[in-house]
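The values are calculated or read from the model by the stated rules, or taken from the named source; none is laboratory data. No experiment lies behind these values; they were computed from the predicted model shown. Note that each Cβ is placed from the backbone with ideal geometry, even for glycine, and that neighbours are counted across all protein chains shown.
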Amino acid sequence: RVLGKPHDEL
Amino acid sequence: MNVFRLVGDLSHLLAIIILLLKIWKTRSCAGVSGKSQILFSLVFITRYLDLFTNFISVYNSVMKIIYLVTSLGTVYLMYFKFKATYDSNHDTFRIEFLVVPVGGLSFLVNHDFTPLEILWTFSIYLESVAILPQLFMISKTGEAETITSHYLFALGSYRALYIVNWVYRYYTEGFFDLIAIVAGCVQTILYCDFFYLYITKVLKGKQLKLPA
């Protein structure tokens, strides 16, 4: 599951 | 934020600065693939469209702006200011063979079928193959300037460090983004033979020459 939306990485 | 991602970002920034300084100081972009630089600019533009709509942190916004400005600045130096030194005869990789499949894949495999998410996915997939024109150019010329090999080492290390960051985040936050992870692994694998040459040759003071 993708957490941490929105994308917080560069 | 964790130390792996921070060092990764700094390694990425270092790579971009090394290249910009090499072109600016030597007033030459010999041995550098302009096509890869165009692809990197496209990667940043499509990835950072949410720069003004989605604030994460000061660090995040500042780095996005730096990446955008420096990558576009590099393209400007290569195709305008120092155009005469651009080696178009060796920079012949057909980037449409990268952009079209990556564009198609980003429509098929993504987290969310929305414009911003599809463009983010496109950017992730494109970044994983964006270095190919540069590696192809080096294989054609058979060698690379030492400064260019330092640039490539820093650039390749950044995504390798991001892989460590994803492992760390998985175990500490349960966070994982399969699209970024798979693309990041492909991207890092493409550097493997270069890493081998860099460590066995450049670090011993030899010129980076590919076996003919």
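State whether the residues of the range B:32-53 include one that is away from chain A (no Cβ under 14 Å), outside any helix (DSSP H, G or I) and in contact with a helix residue (DSSP H, G or I) (Cβ under 6 Å, 6 or more places away or on another chain).
Scanning the range B:32-53, I find at least one residue that is away from chain A (no Cβ under 14 Å), outside any helix (DSSP H, G or I) and in contact with a helix residue (DSSP H, G or I) (Cβ under 6 Å, 6 or more places away or on another chain), so the answer is yes.
Among the numbered criteria (1) crowded, with 18+ Cβ neighbours inside 10 Å; (2) without any contact (Cβ under 8 Å) to a residue 60 or more places away in the chain, which single criterion is violated by residue B:57?
All conditions are met except number (1).
Which members of the range B:170-211 meet the condition of being hydrophobic (A, V, I, L, M, F, W, C) and within 19 Å of residue B:147 (Cβ to Cβ)?
Within the range B:170-211, B:194, B:195, B:197, B:199, B:202, B:203, B:208, B:210 qualify.
Can you tell me which residue among B:128, B:149 is surrounded by 17 or more Cβ atoms within 10 Å (Cβ to Cβ), under 15 Å from residue B:187 (Cβ atoms), of a type in the set (Gly, Ala, Ser) and modelled with pLDDT of 95 or more?
Numbers: B:149 fails: under 15 Å from residue B:187 (Cβ atoms).
None of the others qualify; the one that does is B:128.
Looking at residue B:194 and the list (1) within 14 Å of chain A (Cβ to nearest Cβ); (2) assigned to a helix (DSSP H, G or I), which single condition is not satisfied?
(1)
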